[in-house]
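Working notes, structure below.
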Amino acid sequence: MNIKNDQNLKNTKVYLVGSGIACLASAVYLEKDAGIPGENIFILEKDSKPGGALDGAGDADRGFVVRGGRMHEKHYECYWELLSFIPSLENPDISVRDESFEFNERFVSNGQARLLKDGKKLDVSSYGLSFSQQTDLIKLTFVPEKSLGNKRIEDWFDHEFFETNFWYIWTTMFAFQKWSSLAEMRRYMKRFIHLVDGLYKLGGVMRTKYNQYDSVVRPLRRYLEKRKVNFELGKEVVNIDFDLSADEKKASVLYFKDGSEIFLNKGDYVFITNGSITDSTDQGSWDTAAEVV
């Protein structure tokens, strides 16, 4: 897809389903590099605030929750390039990237209590992996993904693996369960293998100055709104019609939970992130169960 080849960008409308970091970044580059007028870009978010899993919620009485967080590293070239021209929320004279880099020079991650049991800190300097379990982890990073099929994580490792410090750190950090996809775990292992040595203290992980909603999402939203990008909150897309042909599949109608519709014209575009690990999450408490959605 090359939007710049569209002959009349002034009439091109782009609909972004969701307002997570992927859609916010897309909106930035559609306006900045592709030349789509900001008023022609529509971010359609089902919740009352943007940010996807980085939404941030709560108050001083009930506590605060951010459903998802990103493990930043300095070599996230595309991510930091994006934030290099987004002004900081506190100081518009510096970028979010520069603010984050400066913060990480002063505060280096060094987790002091990665696991607790009965209210007491556990010693996790050893992952507790046997030689056989270490071998299984290494094998997993080298086997072809196609060979794993629909296997679960519990199909690969022995029962004792799920009682190790390594597994407890891994499952709480990346939200894996024993029945989660083995292929997905392999992808995470290949992506984060260089951090395993310091995983027990979050070594190598960078932080934003504040939580990622305030440090990343809010500055991005302010940047986009100044360029007249439309944020339509409480607009949940529930279905999409497609026109199919031998060589093309084009979205034609967007349907919303409130009963409204958007009919797409020739030259319009729709960007969809189809599902995520936090897409259907809900919050519970000590005395209120999370709703099954």
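The values are calculated or read from the model by the stated rules, or taken from the named source; none is laboratory data. This is a predicted model, so every value here is computed, not measured. Quick reminder, even Gly has a Cβ in these numbers, built from the backbone with ideal geometry, and neighbours come from all protein chains shown.
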*Please verify whether segment 118-135 includes one or more residues that are part of a strand (DSSP E or B), more than 18 Å from Ala25 (Cα to Cα) and assigned by TED's automatic domain parsing to the domain that holds Trp170.*
yes
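Considering only residues that are under 21 Å from Leu24 (Cβ atoms) and either touching a residue at least 40 places away in the same chain (Cβ under 8 Å) or of a type in the set (Ser, Thr, Tyr) (or both), which ones fall in segment 242-255? Working first, answer last.
Start the filter on segment 242-255 by keeping residues that are under 21 Å from Leu24 (Cβ atoms), which leaves 251, 254.
Result: Leu254, single match.
Being in a helix (DSSP H, G or I) and either more than 24 Å from Arg207 (Cβ to Cβ) or without any contact (Cβ under 8 Å) to a residue 24 or more places away in the chain (or both) is true for just one of Leu30, Leu24, Leu44, Leu82. Which residue is that? Before you say what the answer is, go through the steps one by one.
Values: Leu24 fails: either more than 24 Å from Arg207 (Cβ to Cβ) or without any contact (Cβ under 8 Å) to a residue 24 or more places away in the chain (or both); Leu44 fails: in a helix (DSSP H, G or I); Leu82 fails: either more than 24 Å from Arg207 (Cβ to Cβ) or without any contact (Cβ under 8 Å) to a residue 24 or more places away in the chain (or both).
The conditions single out Leu30.
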*Among the residues of segment 96-117, write down those that are assigned to a loop (DSSP other than H, G, I, E, B) and touching a residue at least 40 places away in the same chain (Cβ under 8 Å).*
Phe107, Ser109, Asn110, Gly111, Gln112, Arg114, Leu115
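For residues in segment 151-178 being part of a loop (DSSP other than H, G, I, E, B) and at pLDDT 95 or above, which is nearest to Ala113 (Cα to Cα)? Quick ask: steps written out before the conclusion?
Filtering segment 151-178 for residues part of a loop (DSSP other than H, G, I, E, B) gives 151, 156-158, 164, 175-178.
Next, from what is left, pick out any that are at pLDDT 95 or above: 151, 156-158, 164, 178.
Values: Lys151: 32, Trp156: 29, Phe157: 26, Asp158: 27, Thr164: 16, Lys178: 23 Å.
For segment 151-178, the residue satisfying everything is Thr164.
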*So, of the residues in segment 116-135 that are within 28 Å of the chain's Cα centre (by Cα) and surrounded by 15 or more Cβ atoms within 10 Å (Cβ to Cβ), which turns out to be nearest to Glu90 (Cα to Cα)?*
Val124
*Could you tell me which of the residues Leu224, Leu202 is buried (at least 18 other Cβ atoms within 10 Å of the Cβ), touching a Ser or Thr at 6+ places or on another chain (Cβ under 9 Å) and closer than 20 Å to Ala53 by Cβ?*
Leu202
*Counting only residues that are surrounded by 12 or more Cβ atoms within 10 Å (Cβ to Cβ) and hydroxyl-bearing (Ser, Thr, Tyr), which one in segment 142-176 is farthest from Arg70 (Cα to Cα)?*
Thr164
*Spot the failing condition for Glu39; the list is (1) more than 24 Å from Asn104 (Cα to Cα); (2) surrounded by 18 or more Cβ atoms within 10 Å (Cβ to Cβ), and only one is missed.*
(2)
*Subset of segment 199-234 (residues that are basic (Lys, Arg), assigned to a helix (DSSP H, G or I) and within 14 Å of Arg70 (Cβ to Cβ))*: none
*Looking at (1) modelled with pLDDT of 90 or more; (2) touching a Phe, Trp or Tyr at 6+ places or on another chain (Cβ under 7 Å), can you tell me which one Val66 breaks?*
(1)
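Being on the phi < 0 side of the Ramachandran plot, surrounded by 12 or more Cβ atoms within 10 Å (Cβ to Cβ) and not hydrophobic (A, V, I, L, M, F, W, C) narrows it down to one residue among Ser285, Ser215, Ser245, Ser260; which is it?
Details: Ser285 fails: surrounded by 12 or more Cβ atoms within 10 Å (Cβ to Cβ); Ser245 fails: surrounded by 12 or more Cβ atoms within 10 Å (Cβ to Cβ); Ser260 fails: surrounded by 12 or more Cβ atoms within 10 Å (Cβ to Cβ).
Selected residue: Ser215, the only one of Ser285, Ser215, Ser245, Ser260 that is on the phi < 0 side of the Ramachandran plot, surrounded by 12 or more Cβ atoms within 10 Å (Cβ to Cβ) and not hydrophobic (A, V, I, L, M, F, W, C).
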*Please enumerate the residues belonging to segment 197-241 that are free of Cβ contacts under 8 Å to residues at least 12 places away in the same chain and either more than 27 Å from Ile94 (Cα to Cα) or of a type in the set (D, E, K, R) (or both).*
Asp197, Gly198, Glu225, Lys226
